[in-house]
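The values are calculated or read from the model by the stated rules, or taken from the named source; none is laboratory data. The structure presented is a predicted model; accordingly, all values stated were derived computationally and were not measured. As a convention, Cβ positions derive from the backbone with ideal geometry for all residues, glycine included, and neighbour counts pool all protein chains shown.
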Amino acid sequence: MVHIKRLQEDGADILAVVGEIDASSSIELDLAIAKSVGEGSTKILVDCGALEYISSAGLGVFMSYIEEFRDKNIQMVLFGMKDKVINTFQILGLADLLHIRASKQEAKKLINELSV
Amino acid sequence: MGAAITWLVMVFSDVTVMFSDLKVLTPDVPLWLPRVMLDLYVICLFYYYKFKIERDESLNFTDLLWRVFATGLVATVFSLSLRMLDFLLGSTKLASNVFYIDVEYLVNLGLLLSFLVAAGTCWKRLILYQKSKWLLRGWLVFEVALLIVLLSDNIQVFLQEWIVITMSILTGLLALILSANMKWVAYLNFKQKWTSLLLLLLSFFYLGYFFYTVTKFSDDISGQIKTLTGSVNADDTTVFLDFGSHAFNIYLFSFVMLYSIFSFLVILFNLPTSSVFEQKLEEVVNFQRISQSVQTEQSEESVYRILLESSVSSVFADAAWLEMKDDNQQQSALQTYQITESDARKIQGHLNGRNVKGILDQSSDKTKNLSDHLASLKGTRFRSLMAFPVSVKGEKIGTLALLKELPEGFNKEMMQIVSAFANQAGISIENFRLLKEAIQNERYKEELKIAKTVQKSLLPDKLEKADDFDISAFSESADEVGGDYYDTLRINDHQVSLIIADVSGKGTTAAFHMSQMKGIFHSLSQLAPDPKDFMIRANQALRYCLERGSFISATYFVVDSSKKIIYYSRAGHCPVLIYRAAEQKAEYLVDKGTALGMIKGKDYCNFVETNSIPYSTDDVMVLFTDGITEAKSPKGEEFGLQLLKKTIVESIAETPREMQEKLIKKLYEYTGTEEIDDDYTTMIVKFK
């Protein structure tokens, strides 16, 4: 089960992901990101501080946006991941493809730099 | 048989008694014998009919009446033939002989009694058709009362007059109350009622005839006896069996008569309403037909047909149609009764034209009386129209329209019953569809099973043998079909390639991608011995096959036995566990690699690399999928890399197969269940 909260801060969309993302709940993550993109956000921060587990399907959601974001010049930064979760990203090699930062400040800083 | 014997004894004894009486002699037989014999005769008859009529389950109501009638007929015919004999004898001496008359009288009496007892037994069955406790008790009391009367006739104790009168009144009242039980009449149909009336009428005739005959005979006899003996007070001396003086006979006669009259009147007055009862019965039967149609009928069409037929016959409609919405087509199908499809469509069109909501636009879910709108349609013979919705799970699937030529042809009861039919048909159709769905699901399951077999066959049943290493592999999938894949292939005499892969997601799609992976492995490993090359080409091959968000993690190995080196490339798969026998230490290999299908472009080559590690004797390499490390204990803790390493190290001295078995056992112990929620796959290689 996953719960996704969305709020805006300094012109960026912050998606706070709470809970676990598996095959069935990955759809919610997909919808949340799609909604953000659909409303014209170009800066998306994903708060993974309360993300307990992510399955390959969940990773697939992040992965599926990589090319679209590059084409539309949308920036996405993930931050606050637990070790176990970040390990999953690393094993799959997704850590090299996504922007991942430890804290919110770092993430914000990065996204502002990237948007310039 | 007993009855016949007692009757004969009675006849002889009575004749003897009378004879001796006339001659003023003391008779050889006791005076009480004729009466006792009469009682015995009655009791014998009672039991005879009890077994013959009461126990016969196959008799229905008219059969019972027929029995009464037939007994009466036989008795009457017999009695009439005796009369004929009388007539033939004329006024011969024999004919006027008192003994001859007495015998004839006794024959008639026997016949009458037999008829009465037969009728009484039949009435008993009719009265007790719908038994209640009180009714049974009432009947028992009545029977006992009759028995007392029968015996008391015999004993000739002269009770006080008021007691006799009270008892008679009480018995009479009881007989009246019992006679009010006429429930069986309701179950007769129209034809049976007419038959019953006729049979009862004839029975009246028999009763009347016998009553007259028997009374006349007894009068004759007593008259003759009087003249013969010269005595004025003949009753004191005469012991012959006067019908009238025997109270039991009177009681029984009255009871049979009473119930016959009651039945006759009740049936007569029930005649006009019998069609209603029959109709109700038919409705029940129709109801059953609709509800049972799921088991017996082959299609939904037959349910519709039964609904149409039942509704028409229940409300006497002149015409009807049933419009069913088709799942696939916009055009709905019509089933019609006594009306052409074009006429039905014309009425529909007319109603639609007048913008009448709720009949055939399939939007209303209410029963509607649309007769008023018919009046304005010219060229139709119908004056009443009623529409009923047929719904399945609250969704309207069709409309039943009933038509009558009479204006105001439908009443409230008719509407209710047809509504009930329509509902029941809806339920039947729903059940029918559920059944179909269940069969369909069963078929899907069957097909999944086939898919599982096919998929199992994609995994190699034999792994490549090599002089250099032992190998063992295991795979178990959570769903019917899984997404894990492993395989081996010999490239040349000193190189063997191995692969382990995990398709993201589970189930059928994962299995399809797995089969693609197998194709890629078998074609590419021959062409691209370099693991990085293999991955780049595999990524290229897969990028258009995988849908958005899907990817495959894999690790590809080439074991070179001439150089004793393993070349490998990891594409997002779980790290390899390697145990070095020389150092007695196990470790996970840390390196770079992105899963296949994540990067569609050419720059994937920047995200994979070829690594090489040397191996020596007794080194062990463990490949696995994330199903194993992510297997959860009941507490929700993951099996994890550390426990995996520990489990492997514990059994490091054993063969790969034994190691694998221990690992799987440990895994099931850890999760505490036979149910797995991800695919488990492992391949263990031990070098020589």
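The table below gives the values:
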| item | result |
| --- | --- |
| Of all residues making up the range A:15-29, the number that are under 24 Å from A:Lys108 (Cβ atoms) and within 14 Å of chain B (Cβ to nearest Cβ) | 3 |
| Test: residue in the range B:404-422 that is at positive phi and outside any strand (DSSP E or B) | yes |
| Top-ranked residue of the range B:586-633 - restricted to ones that are of a type in the set (Asp, Glu) and crowded, with 21+ Cβ neighbours inside 10 Å, ranked as farthest from the other protein chains (Cβ to nearest Cβ) | B:Asp619 |
| Selection status of A:Glu68, under 19 Å from A:Gln8 (Cα atoms), more than 9 Å from every other protein chain (Cβ to nearest Cβ) and either surrounded by fewer than 14 Cβ atoms within 10 Å (Cβ to Cβ) or at pLDDT below 85 (or both) | no |
| B:Tyr129 outside the structural domain of B:Phe142 (by TED's automatic domain parsing), modelled with pLDDT of 80 or more, farther than 30 Å from B:Thr227 by Cα and hydroxyl-bearing (Ser, Thr, Tyr) | no |
| Residue list for the range B:511-554, filter: under 23 Å from A:Ile66 (Cα atoms), at pLDDT 90 or above and in contact with a strand residue (DSSP E or B) (Cβ under 6 Å, 6 or more places away or on another chain) | B:Lys532, B:Met535, B:Ala538, B:Asn539, B:Ile552, B:Ser553, B:Ala554 |
| Evaluation of B:Leu546 against (1) part of a loop (DSSP other than H, G, I, E, B); (2) more than 14 Å from every other protein chain (Cβ to nearest Cβ) (one fails), failing number | (2) |
| Count - residues of the range B:509-543 that are within 14 Å of another protein chain (Cβ to nearest Cβ), surrounded by 17 or more Cβ atoms within 10 Å (Cβ to Cβ) and within 54 Å of the chain's Cα centre (by Cα) | 3 |
| Positions within the range B:393-422 being surrounded by fewer than 20 Cβ atoms within 10 Å (Cβ to Cβ) and either touching an Asp or Glu at 6+ places or on another chain (Cβ under 9 Å) or without any contact (Cβ under 8 Å) to a residue 12 or more places away in the chain (or both), in sequence order | B:Lys393, B:Gly394, B:Glu395, B:Lys396, B:Glu405, B:Leu406, B:Asn411, B:Lys412, B:Glu413, B:Gln416, B:Ile417, B:Ala420 |
| Single unsatisfied condition, A:Leu78 versus (1) in contact with a Lys or Arg (Cβ under 9 Å, 6 or more places away or on another chain); (2) closer than 22 Å to B:Val590 by Cβ; (3) within 12 Å of chain B (Cβ to nearest Cβ) | (3) |
| Criterion (outside the structural domain of B:Pro614 (by TED's automatic domain parsing) and touching an Asp or Glu at 6+ places or on another chain (Cβ under 7 Å)) met by exactly one of B:Ile499, B:Ile429 | B:Ile429 |
| Any hit, the range B:142-152, residues being acidic (Asp, Glu), in the same structural domain as B:Val74 (by TED's automatic domain parsing) and modelled with pLDDT of 85 or more | yes |
